[in-house]
1. Please go through segment 23-50 and give me each residue that is touching a strand residue (DSSP E or B) at 6+ places or on another chain (Cβ under 6 Å) and either of a type in the set (Gly, Ala, Ser) or within 24 Å of Thr86 (Cβ to Cβ) (or both), ordered by number.
2. From Ala29, Ala44, grab the single residue that is outside any helix (DSSP H, G or I) and surrounded by 15 or more Cβ atoms within 10 Å (Cβ to Cβ).
3. Inside segment 9-29, can you point out the residues that are over 20 Å from Gly60 (Cα atoms) and acidic (Asp, Glu)?
4. Determine, yes or no, whether Pro179 is within 25 Å of Leu52 (Cα to Cα), out of contact with any helix residue (DSSP H, G or I) (no Cβ under 7 Å at 6 or more places or on another chain) and within 14 Å of the ligand (Cβ to nearest atom).
5. State whether the residues of segment 127-140 include one that is in contact with an Asp or Glu (Cβ under 6 Å, 6 or more places away or on another chain) and either in a helix (DSSP H, G or I) or at pLDDT 95 or above (or both).
6. Considering only segment 172-186, how many residues are outside any strand (DSSP E or B) and more than 18 Å from Asp289 (Cα to Cα)?
7. Test Thr297 against the stated conditions and say whether it is among the polar types (S, T, N, Q), touching a residue at least 24 places away in the same chain (Cβ under 8 Å) and surrounded by fewer than 23 Cβ atoms within 10 Å (Cβ to Cβ).
8. Over 30 Å from Ala29 (Cβ atoms) and in contact with a Ser or Thr (Cβ under 6 Å, 6 or more places away or on another chain): does that describe Arg133?
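The values are calculated or read from the model by the stated rules, or taken from the named source; none is laboratory data. Note that the structure is a prediction, hence the values are computed from the model and not measured. All Cβ positions, even for glycine, are placed from backbone atoms using ideal geometry, and neighbour counts span all protein chains on display.
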Amino acid sequence: MKNTAIPHDSSRPQVVARIDEVRDSVAAARRQGRSIGFIPTMGALHAGHVSLMQAAARDGHYTVASIYVNPTQFSAGEDLSSYPRTPDADRGVCSAAGVHLIFSPDDREMYPPGEQTRVVAGALARPLCGPHRPGHFDGVCTVVAKLFNIVQPDVAYFGQKDAQQALIIRRMVLDLCMPVRIEVLPTVREPDGLALSSRNAYLSPEDRRRATCLIRALERGRDLLLGGERSRDVVEGAMSGEIAQRGGADVRIDYLVVVDGDTLEPADPPHGTVLLAGAVRIGRTRLIDNLRVELPT
Ligand code: AMP
């Protein structure tokens with residue numbers, strides 16, 4: 001049945017699964033003079049996602065959130081089939097956060113039969129998560145490009161929690177001349193500092209306690225840098241030590257590094273805007289986090 005293309009005015013968001021329904025609703029909102037704010041997500045929504053949705057609503061946009069677990073950004077052996085899916089709760093979260101339209105497509109809608117075209121991320125995708133998640137950022141760029149083409153937002157909101165992703169998306173938008181502004185908002189954390197993540201749901205109570213080792217390590221690195229330390233080796237060594245001490249010997253470090261905040265290349269010596277970034281595996285759960293630090297010149 002054809003969508004009536006009236007933007008939802010009630011507090012309940014409209015939920016659609018088809019691209020033409022998104023286009024109709026967005027076109028109707030534009031006819032009413034609204035700008036469009038967009039938040040791409042994979043669902044299992046938490047306060048981090050909410051902060052992005054609320055920002056879009058607060059900025060006065062007709063607010064569109066997508067909920068789609070994108071298969072092409074999962075590498076072989078990753079958690080695609082077990083990724084948490086909580087569609088009913090997600091609707092309530094979107095509703096409370098002021099979202100007007102939820103786009104929740106299936107794989108066929110996003111990857112039509114015979115599809116063969118992908119966006120390939122460049123050098124920013126090589127360090128940090130790059131070697132540990134082959135093809136991940138190509139999948140992210142591909143799905144975000146598709147979603148931008150479907151929603152055609154004025155502004156899209158991303159979280160600093162996924163710092164590498166945010167830089168890669170900014171680069172893609174520049175490189176492919178996409179008419180969308182990218183806003184990157186601060187990481188939302190639990191009271192003990194753990195960055196909110198849909199994957200935190202995997203943590204056992206014991207692993208949840210140990211999971212704070214990552215933010216404690218990043219804070220240790222930040223404190224050393226702000227205290228004047230300028231040896232990357234010393235800072236990275238101290239961060240790894242913190243993981244071993246607080247997390248235990250079985251916490252595996254994928255990376256825990258000091259990189260340039262814009263290029264993600266090793267910061268040697270650290271200067272200007274640096275990113276302290278880490279990924280660790282606790283049990284079966286992979287956690288990432290980062291801190292941006294401005295060093296005095
Ligand atoms: P995801 O559902 O994991 O794909 O994340 C969707 C968006 O929410 C991305 O832009 C993430 O960076 C952002 N996000 C995830 N966790 C947080 C957090 N703790 N604080 C702020 N933004 C977040």
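1. Ser25, Ala29, Gly37, Phe38, Ile39, Pro40, Thr41, Gly43, Gly48, His49
2. The conditions single out Ala44.
3. Asp20, Glu21 - these are the residues of segment 9-29 that are over 20 Å from Gly60 (Cα atoms) and acidic (Asp, Glu).
4. Considered against the rule, which asks whether it is within 25 Å of Leu52 (Cα to Cα), out of contact with any helix residue (DSSP H, G or I) (no Cβ under 7 Å at 6 or more places or on another chain) and within 14 Å of the ligand (Cβ to nearest atom), Pro179 comes out as no.
5. yes
6. Matching residues across segment 172-186 total 9.
7. yes
8. yes
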